[in-house]
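Data block below; observations after.
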Amino acid sequence: QLHLVESGGGLVQPGGSLRLSCAAPGITLDWITIGWFRQAPGKEREGVSCIGTTNGGGANYADSVKGRFTISKDLAKSTVFLQMSSLKPEDTAVYYCAADTGGTTINGVCTMNARYYDMDSWGTGTLVTVSS
């Protein structure tokens, strides 16, 4: 059973950076799409970014984070990273990662629609707070 573990959250000032990690110990991530999602207090969960498989899917980003966040996958470490820069107070949220073992692509790109992600794979999240 695939179970992901997020880490790397914390308190950062506006304009700062953080790198989140999504670890899948012992799991080969070559064929699994990993997505990052976030949920701010009082708001619905939203897709942030995803990274596809060795077969395709590329990387995809929500408009709100394009140019500021970068997703990457380290196959040797079975870990997906989300490098977040130029952070804004509106980035404050609990960040979750999840796995799409089906490697869903839409128009050739991985999707950030949570319905495609395996319910059992979601981690417990890591809190990111952007505040001065």
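Every read-out reported here was derived from the displayed coordinates using simple, explicitly stated rules and does not represent laboratory data. In this text the structure is predicted, and so the values were computed from the model without any measurement. Positions of Cβ are generated from backbone atoms using ideal geometry, with glycine treated the same way; all protein chains shown enter the neighbour counts.
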Report task. Return the sequence-ordered ³J(HN,Hα) values of region 85-97 in whole Hz as given by the Karplus equation 6.51 cos²θ - 1.76 cosθ + 1.60 applied to θ = phi - 60°, using x for Gly and Pro. Result -> 10, 6, 5, 10, x, 6, 7, 4, 4, 8, 9, 10, 10
Report summary line: Shape call for region 25-66, from the Cα gyration tensor axes a ≥ b ≥ c (a/c under 1.5 means rounded, otherwise prolate when a/b beats b/c, else oblate), comes out oblate
Report summary line: HN-Hα couplings for region 20-35 via Karplus (6.51, -1.76, 1.60; θ = phi - 60°), in whole Hz with x for Gly/Pro, come out as 8, 10, 10, 9, 10, x, x, 9, 7, 8, 3, 10, 10, 7, 10, x
Report summary line: Semi-axes in Å, largest first, for region 1-47 (Cα gyration tensor, √(5λ)) are 24, 15, 10
Query raised in the report: Using the Kirkwood formula over every pair of different C-alpha atoms, what hydrodynamic radius in Å results for the chain?
Result: 14.4
Report summary line: Any residue on another chain or 5+ positions along whose placed amide H is under 5 Å from the amide H of LEU4 is listed here as GLY123
Report task. Run down the aspartates and glutamates and flag those whose C-alpha is under 15 Å from the C-alpha of LYS43, throwing out any fewer than 8 positions away in its chain. Result -> GLU90, ASP91
Query - ³J(HN,Hα) computed for each position of region 107-116 - Karplus, 6.51 cos²θ - 1.76 cosθ + 1.60, integer Hz, glycine/proline x - result: 6, x, 10, 4, 9, 9, 7, 4, 5, 8
Query raised in the report: Rounded, prolate or oblate: which one fits region 87-132, using the alpha carbon gyration tensor with axes a ≥ b ≥ c (rounded when a/c is under 1.5, else prolate when a/b beats b/c, else oblate)?
Result: oblate
Report task. Could you order peptides 48-54, 85-91, 125-131 by the average number of other Cβ atoms within 10 Å of their residues, highest first? Result -> 48-54, 125-131, 85-91
Query - Selection from VAL109, SER72, PRO89 lying farthest towards where the dipole of the chain points positive, charges on Cβ - result: PRO89
